[in-house]
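Here is the structure we will look at.
The values are calculated or read from the model by the stated rules, or taken from the named source; none is laboratory data. The structure presented is a predicted model; accordingly, all values stated were derived computationally and were not measured. A quick note on method: Cβ atoms are made from the backbone with ideal geometry, for glycine too, and the neighbour counts reach across all protein chains shown. Areas reflect the complete protein model, heavy atoms only, side chains present, ligands, DNA and RNA absent. Shrake-Rupley method; radii C 1.70, N 1.55, O 1.52, S 1.80 Å.
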Amino acid sequence: MFEKAKCKLCRNYVRFALRHLKQKHPEALYDRDVAKLNMSKVMEKYFD
Ligand SMILES: [Zn+2]
């Protein structure tokens, strides 16, 4: 779905952004954009 993206929270490169947030940054799931699966905003906010 996405090419590897660089996480702004931990600076790792990840292939599955949403899964990465769920596993490594569960606090991000409280974000409104994440809860609504607004992926373009999620990518903008958490990934380079
Ligand atoms: Zn991360």
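Would you be able to tell me the number of residues in region 5-23 that are part of a loop (DSSP other than H, G, I, E, B) and either of a type in the set (Val, Ile, Thr) or at pLDDT 95 or above (or both)? Write out each step before concluding.
Kept after step one, since they are part of a loop (DSSP other than H, G, I, E, B), are these residues of region 5-23: 8-12, 15-16.
If we keep only those that are either of a type in the set (Val, Ile, Thr) or at pLDDT 95 or above (or both) as well, we get 8-12.
Summing the residues that are part of a loop (DSSP other than H, G, I, E, B) and either of a type in the set (Val, Ile, Thr) or at pLDDT 95 or above (or both) in region 5-23 gives 5.
What are the pairs, 6+ residues apart or on separate chains, where a residue within region 9-21 that is touching a residue at least 24 places away in the same chain (Cβ under 8 Å) has its Cβ under 8 Å from a residue that is open to solvent by 50 Å² or more (accessible area, probe 1.4 Å) and near the ligand (Cβ under 7 Å from one of its atoms)?
9/24
Just to verify a result, which residue in region 1-22, among those that are near the ligand (Cβ under 9 Å from one of its atoms) and over 12 Å from residue 43 (Cβ atoms), is most open to solvent (accessible area, probe 1.4 Å)?
11
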